[in-house]
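Visitor: Below you'll find the structure I mean.
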Amino acid sequence: MKNARANAYTRISHIRARVRAGEERPHPALARHLPLKGKAFGKDVSVLRESAIERRLRLELGRMGCLFYKFVSPGNNGVPDRIVITPGGHALFVELKTEHGRLSPVQLRQIKRLEDHGAAVFVVYGENYIEALLGWVRQMERR
């Protein structure tokens, strides 16, 4: 198990390096594991506050006709910040972080619990990942 985990971290670090260099865009499923720092896609990445990331995401998803709710679950620390319901009825959980933000251990456990139950969970690390999330929503709506 430790070898598999080490190999996964190695793959992610190689992908992260290619993303930083602008050689590839992250796949939405990997995006939550690849926080970007420095240069990305040929332009400087400025660190936005979580509130600014949330505002942009809310506006973009609203234009697509999605519902965007704050998720609070008393007694369950570490649950994702938001729930998004697409016009087609798909639900996804979204945790917002700055480019330099990190998930706490309790957040990682909650995300794993949700994914184990088949839920779609995204961690949006700044503005670059908003586009990946919007692409995923568009793709799900085409199905």
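The values are calculated or read from the model by the stated rules, or taken from the named source; none is laboratory data. Everything quoted here is computed from the prediction, not taken from an experiment. All Cβ positions, even for glycine, are placed from backbone atoms using ideal geometry, and neighbour counts span all protein chains on display.
Visitor: Does at least one position in the stretch 124-143 carry a residue that is out of contact with any Pro (no Cβ under 7 Å at 6 or more places or on another chain), surrounded by 12 or more Cβ atoms within 10 Å (Cβ to Cβ), modelled with pLDDT of 90 or more and in a loop (DSSP other than H, G, I, E, B)?
Guide: Within the stretch 124-143, none of the residues are out of contact with any Pro (no Cβ under 7 Å at 6 or more places or on another chain), surrounded by 12 or more Cβ atoms within 10 Å (Cβ to Cβ), modelled with pLDDT of 90 or more and in a loop (DSSP other than H, G, I, E, B).
Visitor: Among (1) at pLDDT below 80; (2) touching an Asp or Glu at 6+ places or on another chain (Cβ under 7 Å); (3) not polar (S, T, N, Q), there is one condition E95 misses while meeting the rest; what is its number?
Guide: E95 satisfies every listed condition except (1).
Visitor: Tell me which residues, restricted to the stretch 83-114, are hydrophobic (A, V, I, L, M, F, W, C) and more than 19 Å from E60 (Cβ to Cβ).
Guide: Answer for the stretch 83-114, where residues must be hydrophobic (A, V, I, L, M, F, W, C) and more than 19 Å from E60 (Cβ to Cβ): L103, V106, L108, I111, L114.
Visitor: Just checking, does the stretch 80-88 include any residue being exposed (fewer than 14 other Cβ atoms within 10 Å of the Cβ), free of Cβ contacts under 8 Å to residues at least 40 places away in the same chain and not in a helix (DSSP H, G or I)?
Guide: no
Residue-by-condition table, conditions (1) under 12 Å from the mean Cα position of the chain (by Cα); (2) hydroxyl-bearing (S, T, Y); (3) modelled with pLDDT of 90 or more; (4) not in a loop (DSSP other than H, G, I, E, B):
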site: E60; (1), (2), (3), (4): no, no, yes, yes
site: F68; (1), (2), (3), (4): no, no, yes, yes
site: V72; (1), (2), (3), (4): no, no, no, no
site: N76; (1), (2), (3), (4): no, no, no, no
site: R102; (1), (2), (3), (4): yes, no, no, no
site: L108; (1), (2), (3), (4): no, no, yes, yes
